[in-house]
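In what follows, a structure is listed as structure tokens, so that the remarks can point back to it.
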Amino acid sequence: MSKITELQEKRARVWKQAKDFLDEKQKENDVLSAEDNTTYERMEKEVINLGKEIDRLHKQTEIEAELNQPTSHALTNIPNNGKQVTPADNYADNFWQMMRGNGAVNALKEGSDPDGGFLVPDEFENQLVEKLQKANVLRTISHVIQTQNGEHKIPVVASEGTAAWLDEESAYTESNTQFTQVSLAAHKLGTLIKVSEELLSDSAFDLMTYLSNEFGRRLGNAEEKAFLTGTGTNQPTGILTDPNGASAGATATKADTLTFDDLIDLFYSLKSPYRQNAVFLMSDDTVKAIRKMKDKNDQYIWQPSVQAGQPDRILNCPVYTTPYMPTLAAGNKPVLFGDFSYYWIADRQGRTFKRLNELYAVTGQVGFLGSQRVDAKVVLPEAIKTLSMAAK
């Protein structure tokens, strides 16, 4: 049995013990004593800490797998191990030589952009996309496309045609399907990283991994926030702020507390075909509040996952968390529920990088600019629903 599986099973056992303890004490008295409350909170904290340890082990496994990759290849009598050197290989080598300040700029003209940067090589692009997906949960559950121009139009059915019963030899009733379009633009997102000249000259410093991690973290966090609450001015319009974004699903009965009935109302506000692939999206604070909720049969609706790589579930639907979802407060929309394959993220061309040699020369540093063009929108509002808190 792997350590991760062992911890997941232990987390499930501790959580069951906590629930049983709470059930037993609440049968004796509706209000927990100070001592019982301390005992329950200790068990709940252990469940949370076990979850964090499971996440750390997942990350450790990923890092070890990366570090165990061979760093060099033995020389053979066949040049390049029989592999033909491609223009892409030369471009990647020249790109990183240029980023370290070793020239080779002329060889990169094929990948230049109008602003003076250079398109990143495929290998680095794939690494960066992976980091973005880890930093931005919406990229994991949404539909991501690549575009080649500044605006991409998506045809969407606005209203569907219908059939009608007819008398013998009567004329058919015309009923046409109406179409509309959703336009995806290309908003620019960028950041600046400074690296000391000493690190750049050190051959042991893994520049590609460092830049992919740091750019991925920064761009991913900024994307996720904009995808949810963006203003639409020089950035995407967020799912929660776009009038044509997620549609209204249900309204909680209270201003600062959720009930099991509220979640059921939200669940069934979504049409059945969309529920097949639907997920919940909320903040950690909201998940914490739901953990303590019970259904009408006095059973907890939240159960921790015991399978590696599988998210926790509510009402048998996966639950994803993000710090950018609103809290449980009057008028907020703390929960999204729906099929996020109808939320489209459009990446325009590739991501570009630019090296700044002179700007920070007096401090012995080199700047790196990274940028991308992206937009995102809900293409079918009825596929994603919101749960709103009641007004005070």
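The values are calculated or read from the model by the stated rules, or taken from the named source; none is laboratory data. Bear in mind that the values here come from a model prediction, so they are computed numbers and not experimental data. Every residue, glycine as well, gets a Cβ built from its backbone with ideal geometry; the counts of neighbours run over all protein chains shown.
Residues that are without any contact (Cβ under 8 Å) to a residue 40 or more places away in the chain, part of a helix (DSSP H, G or I) and among the β-branched types (Val, Ile, Thr) within the range 26-47 comprise Thr38, Thr39, listed in sequence order.
Restricted to the range 182-205, and to residues there that are modelled with pLDDT of 75 or more and in a loop (DSSP other than H, G, I, E, B), the residue that is nearest to Asp347 (Cα to Cα) is Ala186. Restricting the range 208-242 to residues that are assigned to a loop (DSSP other than H, G, I, E, B) and either under 12 Å from the mean Cα position of the chain (by Cα) or touching a residue at least 24 places away in the same chain (Cβ under 8 Å) (or both), the residue that is surrounded by the most Cβ atoms within 10 Å (Cβ to Cβ) is Ile239. Return a yes/no flag: does the range 278-291 have any residue that is aromatic (Phe, Trp, Tyr), outside any helix (DSSP H, G or I) and surrounded by fewer than 20 Cβ atoms within 10 Å (Cβ to Cβ). No: the range 278-291 contains no residue that is aromatic (Phe, Trp, Tyr), outside any helix (DSSP H, G or I) and surrounded by fewer than 20 Cβ atoms within 10 Å (Cβ to Cβ). Looking only at the range 318-345, filter to residues that are in contact (Cβ under 8 Å) with a residue 60 or more places away in the chain and among the aliphatic types (A, V, I, L, M); which one of those is farthest from Lys288 (Cα to Cα)? Among those that are in contact (Cβ under 8 Å) with a residue 60 or more places away in the chain and among the aliphatic types (A, V, I, L, M), it is Ile345. Looking at the range 247-270, which of its residues are under 13 Å from Asp295 (Cα atoms) and not in a helix (DSSP H, G or I)? Listed by number, the residues that qualify are Leu258, Thr259. Restricted to the range 355-381, and to residues there that are in a strand (DSSP E or B) and of a type in the set (Gly, Ala, Ser), the residue that is surrounded by the most Cβ atoms within 10 Å (Cβ to Cβ) is Ala376.
Results for (1) more than 30 Å from Thr257 (Cβ to Cβ); (2) of a type in the set (A, V, I, L, M, F, W, C), shown as yes or no for each residue.
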| position | (1), (2) |
| --- | --- |
| Asp347 | yes, no |
| Glu358 | yes, no |
| Gln365 | yes, no |
| Phe368 | yes, yes |
| Ser371 | yes, no |
| Val374 | yes, yes |
| Val379 | yes, yes |
| Ala383 | no, yes |
| Leu387 | no, yes |
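The single residue among Asp93, Asp55, Asp89 that is in a helix (DSSP H, G or I), at pLDDT 75 or above and acidic (Asp, Glu) turns out to be Asp55. Condition (residue is surrounded by fewer than 20 Cβ atoms within 10 Å (Cβ to Cβ) and without any contact (Cβ under 8 Å) to a residue 40 or more places away in the chain) applied to the range 254-263: is it met by at least one residue? Yes, the range 254-263 contains at least one residue that is surrounded by fewer than 20 Cβ atoms within 10 Å (Cβ to Cβ) and without any contact (Cβ under 8 Å) to a residue 40 or more places away in the chain.
Contact map, the range 376-392: first residue assigned by TED's automatic domain parsing to the domain that holds Leu263, second residue basic (Lys, Arg), Cβ cut-off under 8 Å, separation 6 or more or different chains; pairs are Glu382/Lys271; Thr386/Lys333; Leu387/Lys333; Ser388/Lys333; Met389/Lys254; Met389/Lys333; Ala390/Lys254. Checking the structure you have, find out if any residue of the range 330-349 is modelled with pLDDT of 90 or more, touching a Lys or Arg at 6+ places or on another chain (Cβ under 7 Å) and part of a loop (DSSP other than H, G, I, E, B). Checked the range 330-349: at least one residue is modelled with pLDDT of 90 or more, touching a Lys or Arg at 6+ places or on another chain (Cβ under 7 Å) and part of a loop (DSSP other than H, G, I, E, B). Consider Val335 carefully, then state whether it is surrounded by 19 or more Cβ atoms within 10 Å (Cβ to Cβ) and touching a His at 6+ places or on another chain (Cβ under 9 Å). No; evaluated as a whole, the condition is false for this residue.
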